[in-house]
Amino acid sequence: MTERDEAETEGNSANPLLNTEFRVPFDQIRAEHVEPAAEGVLDRGNRRIEEISSDTRPPSWDTVMAPLDELSLEVSERLGPIGHLVAVAETPELREAYNAVLPAITTFWSRLELHPGIWARVKAYAATDEADTLDPVRRRHLDKTVRAFRRAGADLPDDERTELESLKVELAKLEQAFAENVLDETADFQHVVRDEDELRGIPESARRRFRRSAEARDIEGDAWLITLDYPAVEAILKYAENRELRKHVHTSYMTRCRGGDYDNRGLMLEILALRDRLAGMLGFEEYPDYRLEERMAGTGRAARAFERELADRTRPYWEADVADLREHAAELGLDELRPWDVSFVTERLRKARFDLEDEDLRPYFPLEQVMDGLFEVVERVFGFSITPAENEAVWHEDVRYYEIHDEEGVHRGSFYSDWFPRPEKRQGAWMNHFRTGGPRADGGFDPHLGVICGNFTPADGDAPALLTHREVQTIFHEFGHLLHHCTSDVSLRAVAGINVAWDFVELPSQIMENWTLEREALDLFARHWESGDALPDELFERMQRARRFMGGWAQMRQISLGSVDLDLHTEFAPAATDADEEELMAFIRARMLPFSPAPEFAQAQSFTAFTHLFSGGYAAGYYSYLWAEVLDADAFTRFRSEGVFDPDVGRDYVRSILSRGDSAPPEDLFREFMGRDPDPEALIERNLGPAAA
Ligand SMILES: [Zn+2]
């Protein structure tokens, strides 16, 4: 550290965002701290970039890679708490301050990614003898860093790099326009119901929402307003007995942005063509190869083979489900199964066979009891003990703080939990991290720091906060991400914890969900909050059977979307410039056909409103949902066969996967734990059951 830097840190120490203590002083951070902190951190970061790139010493790990990593870690750790507070405790002032610094933060990262001086130093270092003899972890990190620069276009001649940058800007604009069209067309739709009989079968809670929507839009008289937001669509498709209403809502939903004022077809052609061009400029044969280079799948070919194999194995179950749906549709008096009947028939069938409501299970899952059960599972299986600690310096009184210790008593990490909704908190459930620790050179251990958040129904009167089974799974899931971060044992922080391939990162989270379906584990925490009774066997049985219900149908749907995503980016994209809207739609229809009970099902697909693929991060990556499920179902088979509480398997899992971050290729970590490559059989068994008759 130079003298000037020290003086600066000292001068800024009144700003809690620049505090370097382990615990972030969240209770002291105010909107007015955001701009000066971001400015200071980014200035210092930019100065470090210049220092590293103009260093005249011979390139070495210590003069290139170490300072580069340190710089990235420092910027993200200092600025991370701002984004977190925007998510959990947003005020208009904080939002404004955050928006004011966001462009500078984005610019900082994209500049670093393409900085010619840094790239020259990294490249020079990669060519040294020292780089050749690096240990495998550092070598892997160096290779990834080199690839990151190449992928950003750092190696292209100036004119091509300029083209690449403008191409990326153009793509971002098109993707944004795609998403806006979806939002606008969704918001534009309204169907006003005047006769309540039209809403036959729809639950009271949904009708009340429709009523409130009508009031909100000042629709006169006795009226219910149906919109195309997902909860409304779901309520209609699952429960409306009026088939015409289902057809109208389904068709409107599926054909959003397929023509009219918000037509996305032209944008899709442009997006596909530009993505193909981008991959070509960077030397990839096809866009999926570019997208998947840093993923476990590795290539588009591997992802396609994965989808094909899973499709073949799922098909018999899917066919059985289709037959089941058709038969039940006939029993319900429907002449034939149409696309807008599927959810409705499914729900009727579910009710007839299992009669299981979310609410039946809630009394057995009080939140605190679930957390204690989760901690006990973690202690027994993985050997980490979790203890509550002082809730100081937190952002809200609901927040709890815990410490994680290993069997030797070493403090491995700490975390916050924040489980209840507030107006200033965002929706959903997630995990985030603030400090990345790890083994120190002196033999000690720097602990990690993270957070898990959710939005569960809070305590009501005498009753504690009670969860649905899905919410119990959510807690286990997010806790899996947290453990991945907080138990990381990688000394090179750039590749520690959750910094792993996108299609591998859900393994440590999803595997935790398995324990919520095991009788032995449920016995630890599923007890009635009033009577203390264990979850009745009969309820447990129904839960198990309901889990696989229509599994073949659901899984085939995921496979179809993942396959068509890859087909579009591989086969259609290279010719997209010369194709027209009709050809695009015909291509999608043709590729959906093998996954459709009848041709009209292939027609009724919402690709023109599929933001995951055309404005989100899932382009050529939709397969990864199922990919990660295959991994977690397969890895869990070792626990199933050797014991769900078996400490040896648990410790083995910690050693080979959980604590390893991205220190080795994910397929190697998996192989180390399982002794072989992933096998989809376990997923088939879990989602679909024994072979279909
Ligand atoms: Zn997750």
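Before moving on, here are some points about what is shown:
- Pairwise FRET efficiency - GLU50 versus ASP158, Cβ, R0 = 25 Å, nearest 0.05: 0.75
- Anisotropy class of segment 551-591 from Cα gyration tensor, a/c 1.5 cut: prolate
- Each peptide in 463-473, 531-541, 495-505 receives the mean, over its residues, of other Cβ atoms within 10 Å, and ordering these scores from highest gives 495-505, 463-473, 531-541.
- 3J(HN,Hα) from dihedral phi, segment 571-577, Karplus parametrisation 6.51/-1.76/1.60, rounded to Hz, x for glycine, proline: 8, 7, 3, x, 9, 4, 4
- Compared with the alpha-carbon gap, the fully stretched path from GLU336 to ASP398 is longer by 17.1 nm at 0.36 nm per residue.
- Pairwise FRET efficiency - ALA463 versus ARG380, Cβ, R0 = 30 Å, nearest 0.05: 0.55
- Short-range pairs are left out: with C-alpha atoms under 8 Å and at least six residues apart, the relative contact order of segment 607-673 is 20 percent.
- At R0 = 22 Å, FRET efficiency that the Cβ-Cβ distance of GLU294 and ARG671 yields, to 0.05: 0.70
- Extent along principal axes [Cα atoms of segment 207-255; Å; largest to smallest]: 27, 21, 16
- Subtracting the Cα-Cα distance of ARG200 and ARG440 from 0.36 nm times their residue separation leaves 79.9 nm of extension gain.
- Rough spin-label spacing in nm, given labels placed 7 Å along Cα→Cβ, for ALA124 and GLU35: 3.9
- Amide N of segment 641-670 lying under 15 Å from the label point, which is placed 7 angstrom from the Cα of ASP523 along Cα→Cβ: 643-646
- In a fully extended conformation the segment linking SER60 and LEU593 would gain 186.3 nm over its present Cα-Cα distance, using 0.36 nm per residue.
- For segment 115-227, the alpha carbon positions stretch 80, 36, 18 Å along the principal axes, listed from largest to smallest.
- In order along segment 644-649, the Karplus-derived 3J(HN,Hα) couplings, from 6.51 cos²θ - 1.76 cosθ + 1.60 at θ = phi - 60°, round to 5, 10, 5, x, 5, 5 Hz, and Gly and Pro are given as x.
- More than 14 angstrom apart: percent of Cα pairs within segment 247-300: 65
- For segment 519-626: rounded, prolate or oblate by the Cα gyration tensor [a/c cutoff 1.5]: prolate
- With Rh defined as the Kirkwood radius, the inverse of the mean 1/r over Cα pairs, the Rg/Rh of segment 274-363 is 1.24.
- Loop-located GluC sites (Glu not before Pro) in segment 340-426 (DSSP state other than H, G, I, E, B) with a sparse environment of at most 13 neighbouring Cβ atoms within 10 Å: GLU357, GLU390, GLU392, GLU397, GLU407, GLU408.
- Under the shape rule built on the C-alpha gyration tensor, where the axes satisfy a ≥ b ≥ c, segment 476-562 is oblate, since a/c reaches at least 1.5 while a/b does not exceed b/c.
- Annotation for segment 221-255: chymotrypsin sites (Phe, Trp or Tyr not before Pro) lying in DSSP loop with at most 14 further Cβ atoms inside 10 Å of their Cβ do not exist.
- Dividing the convex hull volume of the alpha carbon atoms of the chain by its residue count gives 181 Å³ per residue.
- Quotient of C-alpha Rg and 2.2 N^0.38 Å, computed over segment 375-464: 1.26
All of the numbers you see were taken from the coordinates with simple rules; none came from a lab. Keep in mind the model is a prediction, meaning the values are calculated, not measured. Neighbour counts run over all protein chains shown; Cβ positions are idealised from the backbone, glycine included.
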